[in-house]
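Heads up, the thing below is written out as structure tokens.
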Amino acid sequence: MCMALYTRSETNMSLSCVRRSRPFRTSSSSRRSLSLTMWSVKSTVRAGRFACRQISVEAGNVVFGRSGKQFHPMWLRERCVGPASVQQETLQAFRQPHEFPADLGIVSAQVSPLSDSGVAPRTLTVGFTDGHVSVFDADALNNEADDFAACGIQQSDIKCPDVFMWDKSTGSDVPRLSYLDVASGQPEVLLKLTTHLLRYGHVIVEGVPSRDGEVAAFARVVSEYPSVRPTNWGPVFNVRSFPDAALKDLSYTAEKLSPHVDNPYRNPNPGFQFLHVLENECASGESLAVDGFMAAEQLRLESPAFFKTLCQTDVRWENDGGDRSTALIHFAPMLEVDKSSGKLTQIRYSPKSGGYCPALSMEEADTFFQARRRFAELLHAESNMVRFQMVKGDLWIFNNLRLLHGRSEFNPHEGFRHLQGSYVDADAVTSAFFRAKYALKASSDSDSDA
């Protein structure tokens with residue numbers, strides 16, 4: 001977690017930068033009240049290496065982090081946030097990659113001595129071959145190198161909640177919140193809501209008014225975005241036992257719906273779905289949820305080859321627009337992982353939306369179909385499935401890139417059943433999480449300074 005200050009090099013007039021730790025960037029007025037958080041560090045010195053909490057310099061110009069990674073000159077240089085390098089209000093870079101020397105190197109690197117008080121952070125001063133000098137907080141470099149997803153440049157605290165994967169035994173209690181609490185817009189409640197969504201993948205909000213279009217209005221309250229993610233169904237869609245206007249889908253029947261994600265045929269896929277019960281007079285039609293990440297990790301543990309196949313095979317997802325007036329097509333794998341960490345980032349599974357395999361070789365096709373079959377078995381295993389009955393006023397929010405949803409068959413003769421849904425992109429939820437997190441931190445810092 002880092003903050004950038006800058007100084008002028010004494011040996012030339014190139015602007016340098018100091019990266020120091022801070023929780024986040026916010027408005028100018030709030031920024032003045034923030035206190036820098038520094039860590040004391042121990043120094044270890046070995047022959048030919050000068051170290052600071054395992055940041056080390058060898059041969060005068062080779063820099064290593066505490067994990068043993070060597071820091072590339074360009075990796076260090078793009079973390080310089082002085083006014084010659086970035087716009088100060090946004091920390092957005094001025095220069096393009098091709099504008100730096102292709103052979104950019106490090107002329108010198110030196111770790112500063114510990115201050116007399118023993119609490120000031122160690123700094124790493126780096127002189128580059130183009131004459132630029134940068135001064136970095138050694139801890140900040142280490143933190144980002146060791147946890148790339150938690151420490152950023154333009155906003156330092158970018159850590160999301162850790163994902164908790166669940167099955168029937170560990171996920172049967174779906175997190176629930178009150179509509180009045182969420183609608184208040186208080187940062188504490190929005191942080192709790194978005195933390196649940198990012199950690200567990202879903203939340204049920206109870207007591208939401210049963211008004212037409214309320215689902216979209218509620219989504220805007222949560223995200224603070226001016227609009228929801230529209231589709232050819234419009235800003236909202238209706239789930240009843242008959243078509244939504246002229247648009248047809250298997251969902252718009254009383255048939256059972258096996259676990260699936262919505263709209264894998266769109267690019268990008270909708271990130272989060274809001275599903276609101278306007279009316280439910282049916283005793284049948286139980287809702288179901290499956291943590292796709294859990295099932296995929298079970299597959300990875302059981303058969304790494306099957307997991308790899310579903311990650312590497314782009315299949316074709318299709319929809320006819322609901323009225324056969326168009327074609328919605330997307331080519332993408334059933335499983336996606338972050339290439340840096342290997343962590344799962346998205347599940348695509350919806351036989352009603354295709355997922356058609358290309359004409360592979362017999363051996364490749366055999367592996368793919370076996371892998372898909374086994375993944376489907378895990379997704380439909382009762383041990384992975386959580387079932388619950390939604391009632392009037394419930395609004396189920398879930399991560400459509402992770403959580404599979406469905407329902408059992410219901411009997412429309414029991415009464416009227418009407419659900420209304422809407423989508424937002426994934427960044428609508430993550431940005432709401434950070435907005436609430438930063439607001440609470442700013443308030444806490446302001447109180448402590450008072």
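Here, each number is a calculation from the coordinates, and none is a lab measurement. This structure is a prediction, so every number in the text was calculated from the model and none was measured. We place every Cβ from the backbone using ideal geometry, glycine too, and count neighbours over all the protein chains shown.
Let me test this: with uniform point scatterers at the alpha carbons of region 227-266, what is the Debye-based log₁₀ I(q)/I(0) at q = 0.21, 0.25, 0.28 1/Å?
-0.77, -1.01, -1.14
Please list, by residue number, every one of the trypsin sites (Lys or Arg not before Pro) in region 190-290 that is coil in DSSP and has at most 16 other beta-carbon atoms within 10 Å. Kindly include the intermediate steps, with their values, before the conclusion.
Values: sites: K192, R199, R211, R220, R240, K248, K256, R266; in loops: R211, R240, K248, K256, R266.
When the trypsin sites (Lys or Arg not before Pro) of region 190-290 are filtered for loop state and at most 16 Cβ neighbours within 10 Å, R211, K248, K256 remain.
What is the Cα centroid distance between region 344-388 and region 173-204, reported in whole angstrom?
31 Å
How long are the semi-axes of the ellipsoid equivalent to region 142-191, from square roots of 5 times the Cα gyration tensor eigenvalues, in whole Å, largest first? Working shown, then result.
Details: eigenvalues 170, 85, 5 Å².
Square roots of five times the eigenvalues give 29, 21, 5 Å.
Kindly put D103, D146 in sequence by how many other C-beta atoms sit within 10 Å of each C-beta, fewest to most. Let's see the in-between values first.
Working: D103 8, D146 13.
Arranged by neighbour count, lowest to highest, D103, D146 become D103, D146.
Here is the link list: K69/K192; K308/K352; K248/K339. Which ones come out longer than 27 Å on Cα distance? Kindly include the intermediate steps, with their values, before the conclusion.
Numbers: K69/K192 36 Å; K308/K352 23 Å; K248/K339 37 Å.
From K69/K192; K308/K352; K248/K339, over 27 Å: K69/K192; K248/K339.
Just to be sure I follow the definition: excluding the sites themselves, where is the longest run in the chain that has none of the chymotrypsin sites (Phe, Trp or Tyr not before Pro) in a DSSP loop with at most 15 other Cβ atoms within 10 Å? Could the numbers behind the result be given before it?
Values: sites that count: W39, F94, F148, F164, F416.
Segment 165-415 is the longest.
Note the angle between two axes, namely the Cα long axis of helix 362-380 and the longest principal axis of the Cα atoms of the chain, as a number of degrees from 0 to 90, rounded to the nearest 10.
Rounded to the nearest ten degrees, it is 80.
Within 10 Å of each residue's Cβ, count the other Cβ atoms and sort H413, H405 from fewest upward.
Least crowded to most crowded, the residues run H413, H405.
Please report the antiparallel percentage of DSSP beta bridges with both residues in the chain, rounded to the nearest 5.
If I count the DSSP bridges inside the chain, around 95 percent turn out antiparallel.
Take the Cα atoms of region 278-318, build their convex hull, and give its volume per residue in Å³.
Values: hull volume 5.5 nm³, N = 41.
Cα convex hull per residue, to the nearest whole number: 134 Å³.
Give the Kirkwood hydrodynamic radius (Å, one decimal) of region 168-435, defined as one over the mean of 1/r across all pairs of different Cα atoms.
Details: mean 1/r = 0.0524 Å⁻¹.
Evaluated on region 168-435, it is 19.1 Å.
In the chain, how does Rg compare with the Kirkwood Rh, expressed as the Rg/Rh ratio over alpha carbon atoms? Before the final figure, lay out each step's value.
Numbers: Rg = 26.1 Å, Rh = 25.0 Å.
Looking at the chain, the ratio lands at 1.05.
Test of understanding: what is the full-extension gain from L104 to F164, defined as 0.36 nm times their sequence separation minus their Cα-Cα distance?
Details: separation 60, 0.36 × 60 = 21.60 nm, distance 4.21 nm.
Gain on extension, L104 to F164, equals 17.4 nm.
Which value in deg cm²/dmol, rounded to the nearest 500, describes the helix-derived mean residue ellipticity at 222 nm for the chain, given -39,500 (n - 2.57) per DSSP H run of n ≥ 4 and division by the residue count? Don't skip to the end; give the middle numbers.
Working: 11 runs with 116 residues, N = 450.
That comes out to -7500 deg cm²/dmol.
Does anything in region 393-426 have its amide N under 19 Å from the 7 Å Cα→Cβ label point of E206, and if so which residues?
Of the residues in region 393-426, 393-398 have backbone N under 19 Å from the label point off E206.
Per residue of region 244-250, what does 6.51 cos²θ - 1.76 cosθ + 1.60 with θ = phi - 60° give for ³J(HN,Hα)? Whole Hz please, x for Gly and Pro, Karplus curve as stated.
So the Karplus estimates, Gly and Pro as x, are 8, 6, 8, 8, 10, 7, 4 Hz.
Based on the Cβ-Cβ distance from K69 to A150, what FRET efficiency comes out when R0 is 25 Å, to the nearest 0.05?
On the way: r = 16 Å, r/R0 = 0.64.
Once the sixth-power term is evaluated, E becomes 0.95.
Subtracting the Cα-Cα distance from 0.36 nm times the residue separation, let me have the gained length for E279 to E377 in nm, one decimal.
32.0 nm
In percent, what relative contact order does the chain have, based on Cα pairs under 8 Å that are 6 or more apart in sequence? Each step should come with its number before you reach the end.
Values: 931 pairs, mean separation 86.2, N = 450.
Relative contact order, the chain: 19 percent.
Using the C-alpha gyration tensor of region 122-275, what are the square roots of 5 times its eigenvalues, in whole angstrom, with the largest one first?
On the way: eigenvalues 347, 76, 60 Å².
So the equivalent ellipsoid measures 42, 20, 17 Å along its semi-axes.
For N319, which sequence-distant residues (separation of 5 or more, or a different chain) have an amide H within less than 5 Å of its own amide H, given hydrogens modelled in the peptide plane?
For N319, the qualifying residues are L328.
For the chain, take the longest principal axis of its alpha carbons; what is the angle in degrees between that and the long axis of helix 292-302, to the nearest 10 within 0 to 90?
80 degrees
Kindly provide the GluC sites (Glu not before Pro) of region 80-162 that DSSP labels as loop, not H, G, I, E or B, and whose Cβ sees at most 16 other Cβ atoms within 10 Å. Walk me through the intermediate numbers first.
Working: sites: E89, E99, E144; in loops: E89.
Taking region 80-162 and a limit of 16 other Cβ atoms within 10 Å, the loop GluC sites (Glu not before Pro) found are E89.
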